[in-house]
Every structure is written in C-alpha cells, then in structure tokens.
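The values are calculated or read from the model by the stated rules, or taken from the named source; none is laboratory data. The shown structure was predicted, so the numbers you read here are calculated from the model rather than taken from an experiment. For neighbour counting, all protein chains shown are included, and Cβ atoms are generated from backbone atoms with ideal geometry for every residue, glycine included. Side chains included, ligands, DNA and RNA excluded: accessible areas come from the protein's heavy atoms. Shrake-Rupley method; radii C 1.70, N 1.55, O 1.52, S 1.80 Å.
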Amino acid sequence: MKDKLRFSIRGKRELRLILPFVAILLALVLLSDFSIDILSAARAYVGGESLWSKGQKDAVIHLMRYADGHREEEFRAYERAIAVPLGDREARLELTSAQPDYVKAAAGLLASGNHPGDIPGMIRLVRYFGRLPAINRAVGIWARGDNEVATLNEVAQQLHAAMRDGKSRAGDVALLLQRIQETDARVTPLEEAFSFSLGQISRQLRDILIPGIAIVSALLLFPGVAIVLHDVRRERRDTLHLTHQASHDALTGLLNRVEFERCLSNAIDEVQRDGCTHALMYLDLDEFKVVNDTCGHAGGDELIRQIAALMRAKLRQTDTLARLGGDEFGVLLMH
C-alpha cells in the first residue's frame, strides 16, 4: 500500500513537470501551423496577383485585336481573360462586406485561377487580419484595381456593341480605344503597388512570427531542464538508497556483515601501517531462540532493534557497530 501511494505521489510530481512542457510544445506546434498558414496565404495572393495582372493585360490585347480585325473570337478571348480579375473582384466584395458569403468568395477566387487548396487561407487572411495596416492597404489597392477593371469591362461592352452595330463612327471607336489604353495605364502602377504591399506583408509576418517561434522554442528549455534536474536528483537519491541498502542491515539500520568486514580490513591496514591499536568485539544474544518461540518473530525483531539502539547509544562516534546476522553483532573500537 505504501509503495502504491509513493508511486502515485511520484506520478503526480512527474505529471506537473511534464504538463508545462506539453503545453509549450502544443503552443509551438499551433504557432508554427498558424505561421505557415498565414505565409502560405500571402504567397497565394502573390500568385493570384500575377494571374490578375496577366488576365487584365491579355484582356486589353484581345480588345485591341478585336477593334482592329472585328473578329468575334477575339472578343470571346477577351471575356475569358477579363473573367480572372472579375472573379477576384467578386471575392473581394464578399470578403469585405458586413455579412460575407464565403461560398461566393471561394467561387470568385476559384474562377480567377487560384489553387483550391490556397483559397481557405486566402479567405482567412483578408477576413480575420484585414484590419492590419499592411493588409488593409493591400486590399485598398486591390479595390482601386477592381474599379479600373470594372471601367475596362464597361468600355469593352460599349466597344462590342458599337462594332456589332456597324453604324458607329470611327471617331467613337477611337475614343473607346483611348479610354481602354488610359485605363490600362492606370492599372499598371496599381499592380506594382499591390505586389509591393504583399511583399511588405510577408516581411512583417516573418519579422513577427520568427521571434515568436524562437521565444516559444526557448520556453521549451525550462521544463526540459526541470525534468533533467528532477531525473538527476531522483537518480542520485536512488543510487544513495541502493548504496545504503547494500551496506546496511534492513532491520536495524546498522552496517551489515559485508560493510563491517570492509571496515575491519581498513582497520587492520591502519594497524600495519601506523602501529596503532584497535579492539574487535563479537557479541551474540543468549537464549534469543526463546524470545522468538514465545513472542514470535515480530517480537524477536523488535528486541533486535532495541538492543541495536541501546548499543549504538553506548558507543563513541568513531566506533563501528554492525549486525552480522541473526542475533550476532560486531563492534570495532577504534584506537
């Protein structure tokens, strides 16, 4: 019962040491997962901006070709190209609304060519961290670019209607083409500003998250050191306990025969080296068997313990008292 209680107490102590370690390790895993998710979302927006920019540029090229050759397939190619930035526009409008429809936002991002695996992280970045200055600035640039794309698409539809009507004047078509070129010129610096903002977001996240991970990792050292010190102390205590058991009698706490013989050997060496004088005493208890027979072994053990305590009290600090076995004792009186 005592061993079970001791084991339970030890288990609770070890659990108190391990729990902080587990908690900090879990925090490190969560922080690392959060860091990867955020940086992956920022990287996805960098790729999305490239698709947005290419779609817008391709749309302008196809519009110019359509105005030059009047080929309807060029306008169809324009519609396919402009669908990329228009999809991003739909996603942004949903993400920045008071009650966003995440299904529509995901559909918009998917229509603009983003990888399906990146879309959840892209939504979380804007929705939950959109108030951060760098992200808010990037979303603002994104909105200005979307407005220009909406203008471009409106002019493109006017151009398409004018070309299909066949009655439009050359001056009207030229004016529409000029507006397309002006819109394209306004979009280019916005694309560059958006790319710069994304790079700034990535750098800021890196500067925040890397020290955070380093701090949490450093915190892991404290419970680790505590566990190591605890194990060292326990090992030292167990070693001392085993050493004591190997050299002492379990019943009386006196030295046992093996240790007494070692002390006796050292005393003989000292006599031979220095010529000093020691005394060796051998004692046993008369009629000890009678005590065991009448009082039982428990009574005999109690008598042995009391006799050992009595003799220890009558000896000097420099003397050695040992239980050699049964009711036999040895005493080494130094000098």
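Of note:
- Around TYR282: net Lys/Arg minus Asp/Glu count, Cβ-Cβ under 15 Å: -4
- Total formal charge among the other residues, if their Cβ is under 12 angstrom from that of ASP184, Lys/Arg +1 and Asp/Glu -1: -1
- Shape analysis of region 67-143 places it in the prolate category; the axes a ≥ b ≥ c from the Cα gyration tensor give an a/c of at least 1.5, with a/b above b/c.
- Label positions at ASP274 and ARG43, each projected 7 Å from the Cα along the C-beta direction, are separated by 7.6 nm.
- Sites LYS289 and LEU264, calculated FRET efficiency, Cβ-Cβ separation with R0 25 Å, nearest 0.05: 0.35
- Residue-normalised accessible area of region 47-92, expressed per residue, 1.4 Å probe, Å²: 45 Å²
- Farthest positive-ward along region 40-86 dipole, Cα basis, beta-carbon charges - from ALA42, ALA77, LEU63: ALA42
- If you plug the beta carbon distance of LEU110 and ARG137 into 1/(1 + (r/R0)^6) with R0 = 30 Å, you get a FRET efficiency near 0.75.
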